[in-house]
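The values are calculated or read from the model by the stated rules, or taken from the named source; none is laboratory data. The structure presented is a predicted model; accordingly, all values stated were derived computationally and were not measured. FYI the Cβ positions are ideal-geometry reconstructions off the backbone, even for glycines, and counts take in every protein chain you see.
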Amino acid sequence: MAHPLQLISPRFQEGEPIPIAFTCEGEDKAPPLHWGEVPPGTRSLALLVDDPDAPDPQRPQRTWCHWILYNLPPGTRGLPEGATPGTLPAGTREGLNDWHRAGYGGPCPPIGRHRYVHHLYALDTVLPDLGSPTRAQLLKAIQGHVLAEAQLIGTYEKTHPHVSA
């Protein structure tokens, strides 16, 4: 029997705090991520990292997007710590986060402890060139193509609330 798609990081556990190096208070680099086998028929993978608690976890108003990757090759089993366009697997495309730039933008919550959801999607297609899609555009493009989904949730609360992105 096939195992479900799983997403992990060697730097933080499910539901645990994300280390400061991966946030705006640290080096603001992407955490390492690993996943295992993908379902049969997987033609590409997509990764979306978002914060459903923006701007205040007591009164969330929107989901803030931190990173969008799509068309990761199905043989890929993870991303290295500090992944950049130069270290992404060949063929991988990036979308625009909510800072209106490509690449990873680490946790930088204005108030309280936020959840950061890392979504990994196994898709039955290679997506067309979407340019630099937003979160909404990527989610629309993958509709009807998701074979499996995994998620990893980390949390973060600023140690120095005056630091901003």
Whether any residue in segment 61-74 is surrounded by fewer than 20 Cβ atoms within 10 Å (Cβ to Cβ), more than 12 Å from the chain's Cα centre (by Cα), in a loop (DSSP other than H, G, I, E, B) and among the charged types (D, E, K, R) is what I want to check. no
Qualifying positions in segment 42-59 - within 16 Å of the chain's Cα centre (by Cα) and surrounded by fewer than 16 Cβ atoms within 10 Å (Cβ to Cβ): 52
Long-range neighbours under 7 Å by Cβ, at least six apart or interchain, first residue basic (Lys, Arg) within segment 6-24, second in a loop (DSSP other than H, G, I, E, B): 11/19; 11/31; 11/32
State whether the residues of segment 74-93 include one that is among the β-branched types (Val, Ile, Thr) and without any contact (Cβ under 8 Å) to a residue 12 or more places away in the chain. yes
Here are 130, 88, 147: which of them is outside any loop (DSSP other than H, G, I, E, B), aliphatic (A, V, I, L, M) and at pLDDT 95 or above? 147
Within the set of pairs 6 or more residues apart or between chains, which connect a residue that is without any contact (Cβ under 8 Å) to a residue 40 or more places away in the chain and surrounded by fewer than 17 Cβ atoms within 10 Å (Cβ to Cβ) inside segment 144-161 to a residue that is small (Gly, Ala, Ser) and assigned to a strand (DSSP E or B) with Cβ atoms less than 8 Å apart? 146/122
Could you tell me which residue of segment 19-41 is farthest from the chain's Cα centre (by Cα), considering only residues that are within 23 Å of residue 94 (Cβ to Cβ) and not in a loop (DSSP other than H, G, I, E, B)? 21
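Inspect all residues belonging to segment 7-18 and state whether any of them is of a type in the set (Gly, Ala, Ser), outside any loop (DSSP other than H, G, I, E, B) and within 24 Å of residue 115 (Cα to Cα).
Within segment 7-18 (the criterion being of a type in the set (Gly, Ala, Ser), outside any loop (DSSP other than H, G, I, E, B) and within 24 Å of residue 115 (Cα to Cα)), the answer is yes, since at least one residue qualifies.
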